[in-house]
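The values are calculated or read from the model by the stated rules, or taken from the named source; none is laboratory data. Everything numeric here is computed off the predicted structure, so don't read it as measured data. Every residue, glycine as well, gets a Cβ built from its backbone with ideal geometry; the counts of neighbours run over all protein chains shown. The protein model used for the area step is the full one, side chains on, heavy atoms only, and it has no ligands, DNA or RNA in it. Shrake-Rupley method; radii C 1.70, N 1.55, O 1.52, S 1.80 Å.
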Amino acid sequence: MYDDNNIFAKIIRGEMPAFKVFEDERAVAFMDAMPQSEGHTLVVPKARARNFFDIEPAVLAELIQATQHVARGVQKAFSPGGMRIVQFNEAVAGQTVFHIHFHIIPCYAGAELRTHNRDWADKAVLAEHAERVRQALAK
């Protein structure tokens with residue numbers, strides 16, 4: 001069951017702050033507050049959907065397009081050696097916010113990913129990273 005009070009729904013409605021890098025009528029992307037690496041970004045549909053199995057196929061297609069667009073901006077902004085693009089379904093699989101979303105996680109040679117959902121990032125760093133992605137998307 002979908003919970004309209006999840007943190008991502010609140011971000012979409014403007015009730016909670018986020019370091020946004022992209023927004024259109026269908027999706028919003030923002031920096032992960034507990035990043036696994038530099039540039040870790042989340043892409044969230046504005047549609048109400050708990051997970052991959054709840055989302056309408058046409059909305060999922062739009063979400064994938066937004067994810068690809070934002071991932072290209074993250075790639076330009078951070079120049080990682082590789083990138084993980086992942087999505088979790090339900091707590092057993094690692095989902096911690098029950099609103100479908102994709103993680104864009106840059107991977108850097110010689111650097112291990114931090115543990116998911118552990119440490120809060122410095123807000124000044126998140127703001128700077130968001131600005132880098134926004135500038136890359138504007139080019």
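Would you call His99 in contact (Cβ under 8 Å) with a residue 12 or more places away in the chain, part of a helix (DSSP H, G or I) and not polar (S, T, N, Q)?
Criteria not met by His99.
For the range 28-52, which residues satisfy the criterion of being acidic (Asp, Glu) and closer than 13 Å to Phe8 by Cβ?
Asp32
Condition (residue is of a type in the set (Gly, Ala, Ser) and over 28 Å from Met1 (Cβ atoms)) applied to the range 83-104: is it met by at least one residue?
Within the range 83-104 (the criterion being of a type in the set (Gly, Ala, Ser) and over 28 Å from Met1 (Cβ atoms)), the answer is no, since none of the residues qualifies.
The rows are residues; the columns are (1) in contact with a strand residue (DSSP E or B) (Cβ under 9 Å, 6 or more places away or on another chain); (2) modelled with pLDDT of 95 or more; (3) within 20 Å of His116 (Cβ to Cβ).
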site	(1), (2), (3)
Asp4	no, yes, no
Lys20	yes, yes, no
Met34	no, yes, yes
Pro45	yes, yes, no
Phe52	no, yes, yes
Ala61	no, yes, no
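When you scan the range 27-47, how many residues do you find that are open to solvent by 30 Å² or more (accessible area, probe 1.4 Å) and more than 14 Å from Ile7 (Cβ to Cβ)?
So the answer is 3.
Among the residues of the range 95-110 satisfying the criterion of being open to solvent by 60 Å² or more (accessible area, probe 1.4 Å) and not hydroxyl-bearing (Ser, Thr, Tyr), which is nearest to Phe22 (Cα to Cα)?
Of everything passing the filter in the range 95-110, Ala109 is nearest to Phe22 (Cα to Cα).
Matching residues to (1) in contact with a Phe, Trp or Tyr (Cβ under 7 Å, 6 or more places away or on another chain); (2) of a type in the set (Phe, Trp, Tyr); (3) over 17 Å from Arg132 (Cα atoms):
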residue: Met1; (1), (2), (3): no, no, yes
residue: Ile7; (1), (2), (3): no, no, yes
residue: Glu15; (1), (2), (3): no, no, yes
residue: Phe19; (1), (2), (3): yes, yes, no
residue: Ser37; (1), (2), (3): yes, no, no
residue: Glu56; (1), (2), (3): no, no, yes
residue: Phe78; (1), (2), (3): no, yes, no
residue: Pro106; (1), (2), (3): yes, no, no
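Looking at (1) surrounded by fewer than 17 Cβ atoms within 10 Å (Cβ to Cβ); (2) β-branched (Val, Ile, Thr); (3) assigned to a loop (DSSP other than H, G, I, E, B), which is the one condition that is false for Ile64?
(3)
Just need a number here: residues in the range 118-127 that are open to solvent by 70 Å² or more (accessible area, probe 1.4 Å) and part of a loop (DSSP other than H, G, I, E, B).
Selection size over the range 118-127: 4.
For residues that are surrounded by 17 or more Cβ atoms within 10 Å (Cβ to Cβ) and in contact (Cβ under 8 Å) with a residue 40 or more places away in the chain, tally how many sit in the range 12-26.
Number of matching residues: 3.
So which residues in the range 1-50 are closer than 19 Å to Pro106 by Cα and of a type in the set (Asp, Glu)?
Asp32, Glu38
Mind listing whichever residues of the range 1-24 are part of a loop (DSSP other than H, G, I, E, B) and closer than 17 Å to His99 by Cα?
Those that are part of a loop (DSSP other than H, G, I, E, B) and closer than 17 Å to His99 by Cα: Met1, Tyr2, Asp3, Asp4, Asn5, Asn6, Arg13, Gly14, Glu15, Met16, Pro17, Ala18.
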